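See structure below.
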Amino acid sequence: MTLQLWETLKESITVYTGLTPSTFFTVLALGLALYYIVSNLFGSSDDAHTHQRSRGFEEEVQPLPPPVQVGEITDDELKQYDGSDPKKPLLMAIKGQIYDISQSKMFYGPGGPYALFAGKDASRALAKMSFEEKDLNGDLTGLGVFELEALQDWEYKFMSKYVKVGTVKPANEGQATTTTTTTTTTESDAVKPPEDDGPSETEQTPIAAEDAEKKEE
Ligand code: HEM
């Protein structure tokens, strides 16, 4: 019975394909082998891509460690969190309040456009929209009302966007610091000549001068 079936199959192969059964099976085996090799090749390269892609994606969206409270630290201690040590969070302070800005590494991390603010109380620079070294501190002495308003807006932005993780220890009690001078617009240097204070000084000088006049009256 099986032999008969086999004979019929061989006959049909010869009739339908014009090939001898052995040639037919060889061609079939080669075809299968080729299909297997080609599909495997594409399959594995696809896998590799998916794998690579997912690994890159994981790196990008790797969850940040939860913000750690640092308590009250000095300006010097705050400097350690400027991004130079990738194991430490990125911190930045506004008006003496320290925020964890690690989530915005593209802004504040090494090479970022605002990296110079990281690890510092950048109040003065933000108030004056300045990137100058001399303004990279929390000293609000002599800032005008518009500058203080701008700083307030920055503070609101940071409060809503970042987690507060500590405060900056005033360097020297009794000296002008962020916490003691927030409303001062009549400090003697508020009427300093414009060359000292960049573009925002143009807004500030008339008001500061007015204030100074009022004070004199
Ligand atoms: C040509 C001038 C400037 C341009 C075009 C510019 C543009 C931008 C843009 C597009 C963002 C991203 C905003 C977002 O996605 O939330 C940004 C963020 C920021 N900018 Fe500027 N900027 C300029 C000047 C300044 C100056 C002068 C300062 C301060 C001295 C400053 C401080 C910042 C800070 C701190 C952030 C990040 C805020 C955050 O943490 O969300 N920028 N800027």
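We did not get these values from a lab; they are worked out from the coordinates using the rules stated. Please read these numbers as outputs of a predicted model, since none were measured by experiment. When we count neighbours, we look across all protein chains shown, and the Cβ atoms used for this are built from the backbone with ideal geometry, even at glycine.
For region 71-183, count the residues as N, evaluate 2.2 N^0.38 Å, and divide the Cα radius of gyration by that value, please.
For region 71-183, the normalised Cα radius of gyration comes out at 0.97.
Return the FRET efficiency for the residue pair Leu32, Met106: r is the Cβ-Cβ distance, R0 is 45 Å, and the value is rounded to the nearest 0.05.
Computed FRET efficiency for Leu32 and Met106: 0.30.
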